[in-house]
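All of the numbers you see were taken from the coordinates with simple rules; none came from a lab. These numbers come from a predicted model, not from an experiment. Every residue, glycine as well, gets a Cβ built from its backbone with ideal geometry; the counts of neighbours run over all protein chains shown.
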Amino acid sequence: MNPANSEPQDHSRKWMWCFLATLLALQLYFVRELLAALFLFALGFGALAGLALFLFLVERAGQFSMAWAGSHTRRGLGLLGEISKKPFRGPRSEPAQ
């Protein structure tokens, strides 16, 4: 090995390692960017899924409450019909003029 020849080889080896380190750093940065984007998209989709679940539960609660109110309204209307069949005046009241 000639000492005069080893200096350019060391210089090119140094640049090769710098280039490889730069590529590795860029790849690590790219992976970090992809992981950050994945996290943000997962967070966004989770928020949308939570909103959809909330709206679904509100709609189901509305259906339940409307069914409950409907059955109670029918019962109330039935009682009102029975009350309306009874006379409003007592047996000793004066006749209407």
*Using a basic spin-label model with each label point 7 Å from the Cα along Cα→Cβ, how many nm lie between Ala25 and Ala42?*
2.8
*In a Debye calculation with equal point scatterers on the alpha-carbon sites of segment 4-64 and no solvent, what is log10 I(q)/I(0) at q = 0.22 Å⁻¹?*
-0.87
